[in-house]
Amino acid sequence: MKSILLCCGFAALAVNTTAVANPEPTPVGPPIVVTADRIRLSADPTVAPVVVIDRDAIEHSQATDVAQLLQFVAGVDVARNGGPGQPVSVFIRGANSDQTLVLLDGVPINPGTLGGASLANIAISDIQRVEIIKGPRSSLYGSGAIGGVINIVTRAPAAGLHAGGSVGGGRYGTRKATADVSGSDGRFDGAAGISRELTDGFPPAIGSTLDRGHDNTTLNLYGGWHAAGIGAAVHHWQSSGHTGYLDFDLSPLAETYTDRLTSATLTADPMTNWRTQFVLSHFVDEIDQVVTPDYEHTRRNAGDWQNSFAFGDWNRLIAGVHFAHEDTASLSFGTQFAEAHDTRAVYAQDDAIFGLHHIVVAARNTHDDRFGNHLTGNLDYGYQLTSSTRLTAGLGSAFHAPTSVERFGFGGNPNLDPETSHEAEIGLRQAIGAYQQLTVDVYRNDIDNLIVFVDPDSFLGPQPGRNENVARSRIRGVDIGYQVSSGAWEWRAGASFSNPRDLDSGDYLARRARRSFTSALSYAIGPHTLGLDVLAVGPRKDSPFSDVTDAGYVLVNLDGRFQLTPRWALFASIDNLFDTNYQTVAGFRTPGRGLYLTLKYEWNGT
């Protein structure tokens, strides 16, 4: 009933504001990204496939965490074992979930224990944008970037003084509040933000009636100084909280978690065409069980020194060195270990434009004291066929080092080798006038030395199983994107078709859809905006250990932003408008229809 009333309210607003003149169409322009080439540039000149979710899209989505935001990106599959705070797996272009490298402001935040970043624990209140680059990028970022890279960029201070806050809530006992303040005078800048979210949740497992709640507190602090070509900045981000879940017997358990990243950045411009930057970072990922003594801990200290050289508008060169020391420790079901290791790397990339030709060459040599040297690279090429048509082609290699849990946890094998991949792709970037754009990318990724658990006499036999480098996979696919702006309307759509195969068994890879479609339609009515998001996902094999297939589904979300005054705005959304009953992991529930409201205040000083 609430959904129907809100839909009627949206319609009434549209009728009552038809006298407002529709704005002119907005030209489709490239967003600014740094992930693809490690330097600040627009997505349009890059020859790698890049998707950017900007701040407006983040606010309108009303997503509670990064994982929920990513599920509406074509070519990205998201599987969640229940509701808020429950384990999340993200698959880019069919690669395994731990083969996606996640960065926070360019610094890796994948833990060394379980491998996959805790995307369900990253609130979106202080995120400026999310950059997703599809395909291997170990040449720039090292281990883990087989399927792609997700760079989460936090909000930077703007000129002047700014303050704001919000309160909101919705179904499942969801409550949230945020507060932030930032400022910059061109020489000094700083920002502080805090967010708090709690939810009673719902029973994550189909066979249970026990609600399992989740709470998250996120703190984001930044301070910087810039003068005469020299700069220094300190950034601290922290996410912590408590999550209830169910064990295999559906008994209630709970865990506490903390993810935090502290970094210090020094920059200088020794010459007009040379910028040098040194980043020191300290990353912590901790999960501690409340009822049992089990835990998973990662601590990583890293340094990255990068030099960027610009030779006019036609050539950009970067070169750098990277080092990291990582400590991991775990206690799980009686298996305990503590392990430390070091990595060192040198990397370089040349990005050159010669007339109609755009060439990017990148290479990185990573030395891991557990596995030795690994050389990875990328070769990307773009050809400007006409003023509106660009053709692209690329080759890339990547690797993923085994996690400490794979080496020393249950079924651990300390002799594991890194997983490796080689991808080839071709693409089209087609502008259709000033207000439409079409992109097409065709790719093939061959992944070798995949790590799987091998047990010759099954789990019940006397012989213990262990992890082995024995599997291979091949993923072929096509990603299609389209966007158009026409007056008050804007529409973005994407489709993904893939064939993710286990080459040894011939089966499809688990939890990766072979086809999906996304659509984001928005309509501006004066200062207000209405939005309609659609996600259609085909059936997926649920697990390599069963014949269960998760059915396809269609999700529809409705959202609106209503500018009440210049400083006050109301955000409203109906998630899962038609109350679709679906599963992304067999046996685990997903959210039903829910109404969510957020009241936001923004103040901009002079």
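Once you have a ≥ b ≥ c as the square roots of the Cα gyration tensor eigenvalues for the range 196-294, tell me rounded if a/c is under 1.5, and otherwise prolate or oblate according to whether a/b is larger than b/c.
Cα axes put the range 196-294 in the prolate bin.
Using the Karplus equation 6.51 cos²θ - 1.76 cosθ + 1.60 (θ = phi - 60°), what ³J(HN,Hα) coupling, rounded to whole Hz, does each residue of the range 393-405 give in order, writing x for Gly and Pro?
Per residue, the Karplus-derived 3J(HN,Hα) values read 8, x, 10, x, 10, 7, 8, 9, 6, x, 6, 5, 5 Hz.
If the viscosity is 0.692 mPa s and the temperature 37 °C, what Stokes-Einstein diffusion coefficient in µm²/s follows for the range 347-412 when Rh is the Kirkwood radius over Cα pairs?
It comes out at roughly 224 µm²/s.
As a test of understanding, state the convex hull volume per residue of the range 100-206 from its alpha carbons, in Å³.
149
Using only DSSP helix segments of four residues or longer, with each worth -39500 (n - 2.57), what per-residue ellipticity at 222 nm results for the chain after dividing by its residue count and rounding to 500?
After summing the helix terms and dividing by the residues of the chain, the value is -1500 deg cm²/dmol.
Viscosity 1.002 mPa s, temperature 20 °C: give me the Stokes-Einstein translational D for the range 341-384 in µm²/s, with Rh taken as the Kirkwood radius over C-alpha pairs.
Once the numbers are plugged in, D ends up at 180 µm²/s.
Cut-off under 14 Å on the C-alpha distance; same-chain residues fewer than 8 positions from Lys541 excluded. Which aspartates and glutamates are left, in chain and number order?
List returned: Asp77, Asp502, Asp507, Asp550.
Can you work out ³J(HN,Hα) from phi for every residue in the range 344-352, in order, using Karplus 6.51 cos²θ - 1.76 cosθ + 1.60 and θ = phi - 60°, giving whole Hz and x for Gly and Pro?
My calculation for the range 344-352 gives 9, 8, 10, 9, 7, 8, 10, 10, 10 Hz in order.
Kirkwood Rh over alpha-carbon pairs of the range 195-240, then Stokes-Einstein at 20 °C and 1.002 mPa s: what D in µm² s⁻¹, rounded to an integer?
Stokes-Einstein gives a translational diffusion coefficient of 153 µm²/s.
Given axes a ≥ b ≥ c from the Cα gyration tensor, I'd like to know whether the range 355-510 is rounded (a/c under 1.5), prolate (a/b larger than b/c) or oblate.
Verdict is prolate for the range 355-510.
Scale the Cα Rg of the chain by the rule-of-thumb value 2.2 N^0.38 Å and send over the ratio, two decimals.
Here the answer is 0.95, to two decimals.
Give the average over all directions of the projected area of the C-alpha convex hull of the range 88-129, one decimal, in nm².
Over every viewing direction, the Cα hull of the range 88-129 projects on average to 3.4 nm².
Provide, as a two-decimal number, the C-alpha radius of gyration of the range 412-451 over 2.2 N^0.38 Å, N being how many residues it has.
This ratio for the range 412-451 stands at 2.05.
Just to verify a number: FRET efficiency for Met271 and Ala159, C-beta to C-beta distance, R0 = 25 Å, to 0.05?
Once rounded, the FRET efficiency stands at 0.40.
Tell me, Kirkwood radius of the range 153-222 from alpha-carbon pair distances, in Å?
After inverting the pairwise mean of 1/r, the radius is 14.2 Å.
So what is Rg over Rh here for the range 262-395, counting just Cα atoms and using Kirkwood for Rh?
Using Cα coordinates only, the ratio equals 1.14.
Please turn the phi angles of the range 294-306 into ³J(HN,Hα) values with the Karplus equation 6.51 cos²θ - 1.76 cosθ + 1.60 (θ = phi - 60°), one per residue in order, whole Hz, x for glycine and proline.
Karplus values, whole Hz, x for Gly and Pro: 5, 7, 9, 10, 9, 10, 9, 10, 9, x, 9, 10, 10.
When all alpha-carbon pairs of the range 525-574 are counted, what percent fall beyond 18 Å?
Every Cα pair in the range 525-574 considered, those over 18 Å come to 54 percent.
Scan the range 220-280 for chymotrypsin sites (Phe, Trp or Tyr not before Pro) in coil per DSSP, keeping those whose Cβ has at most 15 other Cβ atoms within 10 Å, and list them by number.
Sites meeting the loop and neighbour criteria: Phe248.
Explain nothing, just the number: relative contact order of the chain, from Cα pairs under 8 Å at least 6 residues apart, as a whole percent.
The normalised contact order for the chain reaches 13 percent.
Once you order the gyration tensor axes a ≥ b ≥ c over the Cα atoms, which shape class does the range 454-606 get: rounded for a/c under 1.5, otherwise prolate or oblate by comparing a/b with b/c?
Here the range 454-606 falls in the prolate category.
The numbers here are math on the coordinates, done by the rules we state, and not lab data. Not measured: the values here are computed from a predicted model. Cβ coordinates were reconstructed from backbone atoms using ideal geometry, including for glycine residues, and neighbour counts include every protein chain displayed.
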